[in-house]
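Working notes, beginning with the structure itself.
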Amino acid sequence: MGAGRHEHPSTQWDLHVLATVLIAGSFLVSTQVHVAGAGFAVARSLHVVGLVLAFGPVLLLDWYGLAWLTRRRRFEEVRRLADATDPLVWLGLVLLAGSGIFLAPELSRPMTLAKVAFVLIVVNNGVAVRGLAGRLRLVGNPLGLGDLPPTLRRRVIASVVVSQTAWWGAAVIGLVTTATRGS
């Protein structure tokens, strides 16, 4: 997920706390909000739009990263794409959280709790990637993953694996719970 400026570590932690509180808060608020019919259909549609806006750019960026690993894209192209997609990802996440309030997630179900965990991981990984992007700007224009310092290389790999696992996990759980819910 997206680029960002190099942030001070305390600012980074503040962003992690804020993101966690906002996401957890949206799930808690959802237990108090009840909509049906057209309102529910609109919320579900907005949720799908949010998923496309957020997850689509993440997939594209990871694809470009993979192309960089195989030397089919330059590192600078990946960075520029990250800068361009960052606002879309965050807009999509805000739309997902906002529309999710109206979807009445069943927080007593283990699958829903797993989705909550995946969403929290996605958002916090996104915050961490913003700091990682700042460090990547300092390395110049490496030709491949092997050109990165080992610590940075491990962080890049970990962030991509965490991102893909959490995004796909949340998306699949959302699809399964929607299909089995019947509404």
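The values are calculated or read from the model by the stated rules, or taken from the named source; none is laboratory data. The shown structure was predicted, so the numbers you read here are calculated from the model rather than taken from an experiment. Here the Cβ positions follow ideal geometry from the backbone for every residue, glycine too, while neighbour counts run over all protein chains shown.
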If Val123 satisfies all but one of (1) surrounded by 18 or more Cβ atoms within 10 Å (Cβ to Cβ); (2) over 17 Å from Trp90 (Cα atoms), what's the number of the condition it fails? (2)
Cβ-Cβ under 7 Å, sequence separation 6+ or interchain: first residue in the stretch 65-76 and farther than 12 Å from Leu148 by Cβ, partner among the hydrophobic types (A, V, I, L, M, F, W, C) and part of a loop (DSSP other than H, G, I, E, B). Which pairs? Arg71/Leu143
Looking at (1) more than 17 Å from Gly131 (Cα to Cα); (2) modelled with pLDDT under 90; (3) part of a helix (DSSP H, G or I), can you tell me which one Val48 breaks? (2)
Conditions (1) loosely packed, with under 15 Cβ neighbours inside 10 Å; (2) farther than 30 Å from Arg181 by Cα; (3) among the hydrophobic types (A, V, I, L, M, F, W, C); (4) touching a residue at least 24 places away in the same chain (Cβ under 8 Å): number failed by Leu107: (2)
For the stretch 115-125, state whether one or more residues are of a type in the set (Lys, Arg), at pLDDT 90 or above, out of contact with any Cys (no Cβ under 6 Å at 6 or more places or on another chain) and closer than 26 Å to Leu46 by Cα. yes
Being surrounded by 20 or more Cβ atoms within 10 Å (Cβ to Cβ) and either aromatic (Phe, Trp, Tyr) or under 19 Å from Val161 (Cα atoms) (or both) is the filter here; which residues of the stretch 50-63 pass it? Leu51, Ala54, Phe55, Pro57, Val58, Leu61
With respect to Leu96, is the statement that it is surrounded by fewer than 19 Cβ atoms within 10 Å (Cβ to Cβ) and within 30 Å of Ala36 (Cβ to Cβ) true? no
If you go through the stretch 21-41 one residue at a time, how many are over 14 Å from Ala97 (Cα atoms), loosely packed, with under 14 Cβ neighbours inside 10 Å and touching a residue at least 40 places away in the same chain (Cβ under 8 Å)? 2
Does Val156 satisfy being modelled with pLDDT under 90, over 18 Å from Ala24 (Cα atoms) and either surrounded by 15 or more Cβ atoms within 10 Å (Cβ to Cβ) or not charged (D, E, K, R) (or both)? yes
Condition broken by Leu15, with the remaining ones in (1) more than 21 Å from Arg153 (Cα to Cα); (2) at pLDDT 90 or above satisfied: (2)
Go through the stretch 122-165 and count every residue that is small (Gly, Ala, Ser) and within 13 Å of Val78 (Cα to Cα). 3
